[in-house]
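> What follows is a structure written as structure tokens; I'll ask about it next.
Bear in mind that the values in this text are calculations on the coordinates, not laboratory data. Computed from a prediction, not measured in an experiment: that's the story for all the values here. Virtual Cβ from ideal backbone geometry, glycine too; neighbours counted across all protein chains shown.
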Amino acid sequence: MTKQEIRSLIFNLLPKYDKSNKWHARFLDAAIEQTINEFYWEIFAVDTNALQRYTVSFGYDEAEDVDYEDATQLYYSTLPTDIVAFPDKASGVRRIQAIVQTGMTFYPMSPREHDLIRSGSYFDTLTSKIGYSVNQERIEYYNMTEAIADAGVRMDVIQRFSSYADTDTVLIPELRDKEGNTFETRVLAKLQLIQPVSLSEDTDETIKTEG
């Protein structure tokens, strides 16, 4: 389903309290995003490789830039979207590939490992691997080559629901908890904690029922 279809699905399951028959779209999106993130974490706890199915690809039509920062002497890429963070080294950036064929492969590393390698005597040792560490705004690289940086990279990331466009397809994990609750019931349970409000006609943060 598209993002808008998911939002409409949840909206049409809600009781209609207010006279204008509207809800804040941001409330719905927040509950939906929280529930989807919980599903991602449940998958992560069982099989981290299974997250690949839910990634969004960047850099396949046009390569993601790799820039160089003189002050820190680091190659880096700005995150192309808001990601879901995970407790492993890859976090929400599950895979990175070079555009050019060089035989180099990317592997995730922690910022601490990155610092230790850079400060050690093996910083300039040539290997067939490029390390990358993920923070809130960017991806920093260790052992990046000039050729790969010039060509750019591809990456597969777990993107937040709020970062999808309304027409984008969003894959929702088909999971049930121990009580048998589905995606819809878990979202509705969260929305019960949010009181609906009366909304004016001129707000852009509302959605209406259809038909």
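> Percent of alpha carbon pairs in segment 56-157 separated by more than 19 Å?
Tail fraction, whole percent: 37.
> Starting from the Cα of Q34, step 7 Å along the direction of its Cβ; do the same at N49; then give the gap between the two resulting points in nm.
3.4 nm
> Please sort 25-31, 8-14, 97-103 by packing, taking for each peptide the average over its residues of neighbouring beta carbons within 10 angstrom, highest first.
Descending mean neighbour count gives 25-31, 8-14, 97-103.
> What is the order of M104, M1, fewest Cβ neighbours within 10 Å to most?
In order of increasing Cβ crowding within 10 Å: M1, M104.
> Using alpha-carbon pairs under 8 Å, 6+ residues apart, how would you state the relative contact order of segment 56-157 in percent?
43 percent.
> With +1 on each Lys and Arg Cβ and -1 on each Asp and Glu Cβ, how big is the dipole of segment 56-157 about its Cα centre, in debye rounded to the nearest 20?
Charge dipole of segment 56-157: 500 debye, to the nearest 20.
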